[in-house]
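Worksheet: one structure, shown below.
Any read-out appearing in this document is the output of simple, stated calculations on the displayed coordinates, not a laboratory observation. None of the values given here were measured: they were computed from a predicted structure. Neighbour counts run over all protein chains shown; Cβ positions are idealised from the backbone, glycine included.
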Amino acid sequence: MKREFKSYLIGVLVLAAFVCGTVVTAQAQKTPNDFVIYARAGRINIVSGGVTLQRAGERTLSHLTANTELSAGDVVRTDDSGRTELLLNPGSYLRAGENSEFEIVDTALENVHIKLLKGSAVIEASGISETRLPITISTPQGRISIPRNGLYRINVSSGTTELMVRKGRAIVNDAYATLVREGQKAILGSGAINQTASASLSTGGTQLVKFNKSAQDALDLWSMARANTLIALNRSVARDVRNSWLASYNDVDWPMVNFPGRSGIWIYNAQTGCYIFMAFYRGFSSPYGYGYPGLLGYPCNSCYIFPYGGRFRWRLRWFGRWVWRRNRCCKSAECHTIQTCAGRRT
């Protein structure tokens, strides 16, 4: 049984790699021009099988393709062979399975909100605990807030919503904001009426039961394979290319002063046809256990980035001790002269 599971997982990993694109190993051929920085939510990263898009206010359907940007009111549907991956806050993904339907409610970074109308979705959340910008998933039976890094599975069918927290914590916004912990399944709607001996009913009407975290279906395995593929693409990028991204990053729509502690950005690689998450600092990891290399190359637990100067250059302040600006480090009091402090990273 274990051998069959391992063989299946390897097959899924290989397929995911080819769908997204092949990891390019010839780093010398990569330049910053091969990549596009994207610091928003609501873009499709991959489409597999039959997936359609209905734009807000329109009746016609079109075939959904990768790299399509969605906006409020857009509806995505998958058929019995379809799957798709949606970018949320940088570092977080929503992966919808077969026979699923979801609507975009809001793609603002401070208020990412998706409505899952039917079917199943896996939410891989990374970096949101540090930014305090939760992800909201609504269903016909209720509203779920994801304020912490983790791995979440949501199923919607027959008047019932199931939320399974494999890692992290979530909040069901019922009458009393029910907290759903790791290893718990929350049942909303008609399915929550019949309780079992191992179940508890919250004051707000949400049923909580334990579930087997090791039990996984095809969607769970595909989500894991996607995470592994994206991490492989992330690690294939050379350090000097990462540094050039940080040095040239001037997106005024992404001010760190408004979003302190932002974990990173999306990078589109034209050679592979995928967006990958690039963390600003070391220490960020996927809930699947894969670690992200940092753009700055060192951890930063007590620092923030904010726009500086007329050209909107990025500067990293380490609580008054050291500042990293455009690949150079200096003491805070000397930053107006940009004096180099070679070798200082802590």
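Neighbour counts of other C-beta atoms within 10 Å: give me Phe277, Phe284, Phe102 arranged from fewest to most.
Values: Phe277 24, Phe284 21, Phe102 27.
If I rank by nearby Cβ atoms, fewest first, I get Phe284, Phe277, Phe102.
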| query | In nanometres, what is the gap between the two model label sites at Ser81 and Asp106, each 7 Å from Cα along Cα-to-Cβ? | reply | 3.8 nm
| task | Would you order Tyr152, Tyr38 from fewest to most other beta-carbon atoms within 10 Å of each residue's own beta-carbon? | result | Tyr38, Tyr152
| query | How many nm separate the modelled label positions at Phe211 and Ala175, each set 7 Å beyond the Cα in the direction of the Cβ? | reply | 2.5 nm
